[in-house]
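Peer 1: Following this message is one structure expressed as structure tokens.
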Amino acid sequence: MSKLGNKESDCEDSFSFRSREMKFAIADGVSASIFSDVWARAITDSTVTGRYNFFENPDNFLNDLIKHAREKWYRKIEWEKLPWFLKNKAVSGSYTTLVGLQFQKSGEGLRYSSFAVGDSVLIHWEGADDYSSYPLTSPEQFDNTPKLVWSGKGHPMPIEFKVTPPKALTYSGILTKNSTIFLATDAVGKWLLEYGRYAEVTRLLNSSFEMTELFTREINSKRMRNDDLTLVSVFLE
Amino acid sequence: MTYNAEISRRNPGLFIFLIDQSRSMSHKLGGTLRSKSQEAADAINRQIYELIYRCTKSDGVRDYFDIGIIGYGAVSDTAQSLLKDADLVPISRLAETPLRMERRKETITDPDGNDVESEFEFPVWFEPVANSNTPMVKGLKLAQQWIDDWIAEHPDSYPPVVINISDGAATDGDPLEVAKELIDMSTNDGNLLFWNCHLSEIKDAQPLTFPSEKSVLPPNDKFASQLFEMSSVLPPGFKRLAQERSLDVSDTSRAYVFNAGLDELMELLDIGTRAPTENLQ
């Protein structure tokens, strides 16, 4: 959902998945830059559609992933038609966080491997207070200066623009029948780590109305930061 | 807590820039080759550009601020809005209606790490003028009228920020009284913030940025003392920004720069406008 007070279309988070390849990606476009929604969408799409193996070191594919995402981002923006204020800001490029997650079948359940840049998080919840999270492990670690994935400069720089990929952190584990993986952008991720309301959130998964009501209440009571919110849950049936 | 209100489209902030357009503004600014009026006009045009930049999102410029620009002294004993057919305008309107566009150059680093020169369009909202006397009191009173109406419409907004740039004493009375009335104006988030920048034309003048006491100002300069008294005490958020730039500030520092050259003018404008934009939602 969008930050309270904004339109749904203002949301700069993105989520993509490919069920056949069992790949998932979330991204939180940075609102200080513009066209971050376009960039977040391009990066999650490229993450799940590219032929990347997340079980490998992300240094092997991040360069190519960003190159493809940049092409999508660059082509989506009608540079020549932009008024001066958009043109002058868009040249600085866009920024986003990213978490990519891939599963493989394994005897005990699903083996997974994930990579992340920034403060969007993966939380592996195994019931009650039993959870692990990465790349951040506690609510205190969320700050306003996370590492980010940059699109590279916009027009008049050409579409071919070398971007140095950021260093991604990796995490792996096994998803079993009694556990859930949450992918969350920073505000909702921090809230989950702080208040541990995994069971309540899991119960509301099928009702976006009730979930929106819960998040709205939490924002209004200042327990959750007012921000774009994306929460994805993956579990075995 | 004051100066804590979120600045949003529902609760916008307000900036008013007051510019001295008296004849003496045609003299060169200390340490530069251009006149005080040219440097002041350029600095404010750049500051408005920066504000628009910070308010620009993918869907356009969001109206997080209303802006007013008052010039005094272009015509004898007259203060007036420098925006065409308007006094206070939402910032998106300024973005759409510059007076003219200039082509400027900037350096961008290309994919191979080389610095390349690139052109971009820079908007100009008002031109430098240096013409007559210094009716500062009339300028302040005009700002007061606008702010009175604005506060009635925005009682919960971040308090208005007024920035006055001048090089000399008022010729239409004592501005201290109306300045104090201005500083007494408030929203529920705190008192109006009044910033003053005294431009210098003395080459080797020692500028004083955000002085804490009147005693550090030249004892015989009545105008310096007056502008000090007219200026707000720096609130903590602004003080922090000043400290980040290694400026010597204390709890009693005033939002005032004495004998400012171009660097001090830019610093004052940047700190004066940056702290509120940290409250953007």
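Peer 1: Can you give the Rg and Dmax of segment A:102-176 based on its C-alpha atoms, in angstrom?
Peer 2: Taking only Cα atoms of segment A:102-176, I get Rg and Dmax of 16.8, 53 Å.
Peer 1: Moving on. Could you pull out every residue, at least 5 positions away or on a different chain, whose amide H is within less than 5 Å of the one on B:F17? Hs are placed 1.01 Å off N in the peptide plane, and Pro or chain starts have none.
Peer 2: Correct list: B:G68, B:I69, B:I70, B:I163.
Peer 1: Each label point is 7 Å from the Cα along the Cα-to-Cβ direction; what then is the distance between the points at A:N220 and B:K105, in nm?
Peer 2: So the two model labels end up 5.7 nm from each other.
Peer 1: Right, here's the next one. Using a 1.4 Å probe on the heavy atoms of the protein chains only, list every residue of segment B:90-115 that has 30 Å² or more less accessible area in the complete assembly than in its chain alone.
Peer 2: B:A95, B:I108, B:P111
Peer 1: OK, next. Can you compute the label reach from A:K167? Point 7 Å from Cα along the Cβ direction, backbone N cut-off under 13 Å, restricted to segment A:56-72.
Peer 2: Answer for this model: A:59.
Peer 1: Roughly how many percent of the accessible protein surface of segment A:127-180 is carbon and sulfur, given a 1.4 Å probe and a whole-percent answer?
Peer 2: The value for segment A:127-180 is 52 percent carbon and sulfur by accessible area.
Peer 1: Over the Cα atoms of segment B:1-107, what Rg and Dmax result, in angstrom?
Peer 2: 15.8, 44
Peer 1: Regarding segment B:13-277, what are the three Cα extents along the principal axes, ordered largest first, in Å?
Peer 2: Sorted largest first, the three principal extents are 57, 46, 39 Å.
Peer 1: Let me ask something else. Using the Karplus curve 6.51 cos²θ - 1.76 cosθ + 1.60 with θ = phi - 60°, what ³J(HN,Hα) values do you get for each residue of segment A:75-81, in whole Hz, with x for Gly and Pro?
Peer 2: Running phi through 6.51 cos²θ - 1.76 cosθ + 1.60 with θ = phi - 60° gives 6, 6, 8, 8, 3, 5, 8 Hz.
Peer 1: Then there's this: To the nearest 10 square angstrom, what accessible area does B:K214 show with a 1.4 Å probe?
Peer 2: Counting only protein heavy atoms, B:K214 exposes about 90 Å² to solvent.
Peer 1: Something else: Could you compute Rg(Cα) / (2.2 N^0.38 Å) for segment B:51-175, with N its residue count? Walk me through the numbers on the way to the answer.
Peer 2: Working: Rg = 18.4 Å, N = 125, 2.2 N^0.38 = 13.8 Å.
Rg over 2.2 N^0.38 Å, computed on Cα atoms: 1.33.
Peer 1: Roughly how big is the protein assembly as shown's charge dipole about its Cα centre, with Cβ charges of +1 (Lys, Arg) and -1 (Asp, Glu), in debye to the nearest 20?
Peer 2: On the way: 56 positive and 76 negative charges, 256 e Å.
About 1220 debye.
Peer 1: Ok, one more. Taking amide hydrogens as modeled 1.01 Å from N in the peptide plane, which residues meet the under 5 Å criterion relative to B:T2, leaving out close sequence neighbours?
Peer 2: Under 5 Å from the amide H of B:T2 lies no amide H from a residue far enough along the sequence or on another chain.
Peer 1: While we're on this one: In the structure displayed, which of A:K3/A:K76; A:K89/B:K84; B:K36/B:K105; A:K76/B:K57 lie more than 20 Å apart, Cα to Cα?
Peer 2: A:K3/A:K76; A:K89/B:K84; B:K36/B:K105
Peer 1: OK, next. Rounded, prolate or oblate: which fits the protein assembly as shown when a ≥ b ≥ c are the square roots of the eigenvalues of the alpha-carbon gyration tensor, with rounded for a/c under 1.5 and prolate only if a/b beats b/c?
Peer 2: Prolate, because a/c is 1.5 or more and a/b exceeds b/c.
Peer 1: Which value, in Å², gives the accessible area per residue of segment B:13-277 when a 1.4 Å probe is used on the protein heavy atoms?
Peer 2: Working: 10860 Å² over 265 residues.
Value returned for segment B:13-277: 41 Å² of accessible area per residue.
Peer 1: Just to be sure I understand the model, the point goes 7 Å from the Cα along the line to the Cβ. What's the resulting B:R93 to B:L247 distance in nm?
Peer 2: With each label placed 7 Å out from Cα toward Cβ, I get 3.1 nm.
Peer 1: At a probe radius of 1.4 Å, figure out the B/A buried accessible area, summed over both chains, and give it in Å² to the nearest 100. Mind dumping the intermediate values first?
Peer 2: Working: alone 13000 and 12120 Å², together 23090 Å².
Roughly 2000 Å² of accessible surface disappears when B and A pair.
Peer 1: Can you pull the one-decimal nm distance between simple spin-label points at B:V124 and A:S233, each 7 Å off the Cα toward Cβ?
Peer 2: Label at B:V124, label at A:S233, 6.1 nm between them.
Peer 1: Within 10 Å of each Cβ in peptide A:159-167, how many partner chain Cβ atoms are there on average? Round it to a whole number, please.
Peer 2: Mean number of neighbouring Cβ atoms from other chains: 1.
Peer 1: While we're here: At a Cα cut-off below 23 Å, give the lysines reachable from A:K167, other chains included and same-chain residues fewer than 8 away excluded.
Peer 2: Counting by Cα, and skipping residues close in sequence, A:K167 has these lysines nearby: A:K23, A:K67, A:K72, A:K147, A:K153, A:K190.
Peer 1: Need the C-alpha centroid separation for segment B:116-150 versus segment A:111-188, integer Å.
Peer 2: Value for the Cα centre distance between the two parts: 46 Å.
Peer 1: So what's chain A giving for Rg/Rh, alpha carbon basis, Kirkwood Rh from the mean inverse pair distance? Don't skip to the end; give the middle numbers.
Peer 2: Numbers: Rg = 17.7 Å, Rh = 18.3 Å.
Over the Cα atoms of chain A, Rg/Rh equals 0.97.
Peer 1: A follow-up question, please. Tabulate in residue order the Karplus-calculated ³J(HN,Hα) for segment B:41-55, using 6.51 cos²θ - 1.76 cosθ + 1.60 with θ = phi - 60°, rounded to whole Hz; enter x for Gly and Pro.
Peer 2: 4, 5, 5, 6, 4, 5, 5, 5, 4, 4, 5, 4, 4, 5, 8
Peer 1: Something else: Rounded, prolate or oblate, given the Cα gyration tensor of segment B:199-281, with a/c below 1.5 counting as rounded?
Peer 2: Note, shape of segment B:199-281 comes out prolate.
Peer 1: What is the average number of partner chain Cβ atoms found within 10 Å of a Cβ in A:81-87?
Peer 2: Average neighbour count from other chains, rounded to a whole number: 6.
Peer 1: Any idea which of A:F85, A:V149, A:T97 is furthest toward the positive side of the dipole for segment A:49-151, if Lys and Arg beta-carbons carry +1 and Asp and Glu beta-carbons -1?
Peer 2: Toward the positive end, the furthest listed residue is A:F85.
Peer 1: Do any chymotrypsin sites (Phe, Trp or Tyr not before Pro) in segment A:1-87 lie in a loop, going by DSSP, with at most 15 other beta-carbon atoms within 10 Å of their beta carbon, and if so which?
Peer 2: A:F55
Peer 1: Which ³J(HN,Hα) values in Hz, rounded to whole numbers, follow from the phi angles of segment A:181-193 under the Karplus curve 6.51 cos²θ - 1.76 cosθ + 1.60, where θ = phi - 60° and Gly and Pro get x?
Peer 2: With coefficients 6.51, -1.76 and 1.60, one gets 10, 9, 10, 9, 6, 4, 5, 6, x, 4, 4, 4, 5 Hz.
Peer 1: So, one more: For a protection proxy built on the mean count of beta-carbon atoms within 10 angstrom, sort A:125-134, A:205-214 highest first, please.
Peer 2: Put in order of decreasing packing, that is A:125-134, A:205-214.
Peer 1: Treating only the Cβ atoms of Lys and Arg (+1) and Asp and Glu (-1) as charged, compute the dipole magnitude of segment B:1-61 about its Cα centre; round to the nearest 20 debye.
Peer 2: Once rounded to the nearest 20, the dipole reads 100 debye.
Peer 1: Cross-link candidates for B:K214: which lysines have Cα within less than 19 Å, leaving aside residues fewer than 8 places away along the same chain?
Peer 2: Counting by Cα, and skipping residues close in sequence, B:K214 has these lysines nearby: B:K180, B:K222, B:K239.
Peer 1: I need to check one value: relative contact order of segment B:13-277, counting alpha carbon pairs closer than 8 Å and at least 6 residues apart, in percent. Write down the numbers at each step before the final one.
Peer 2: Numbers: 551 pairs, mean separation 60.0, N = 265.
Once normalised by length, the contact order is 23 percent.
Peer 1: Additional query: Report, by chain and number, residues whose modeled amide H sits under 5 Å from the one on A:S33, excluding near sequence neighbours (fewer than 5 apart, same chain).
Peer 2: For A:S33, whose amide H was placed from the backbone, the distant partners under 5 Å are A:Y95.
The values are calculated or read from the model by the stated rules, or taken from the named source; none is laboratory data. Keep in mind the model is a prediction, meaning the values are calculated, not measured. Quick reminder, even Gly has a Cβ in these numbers, built from the backbone with ideal geometry, and neighbours come from all protein chains shown. Just the protein is used for accessible areas: all its heavy atoms, side chains included, with ligands, DNA and RNA removed. Shrake-Rupley method; radii C 1.70, N 1.55, O 1.52, S 1.80 Å.
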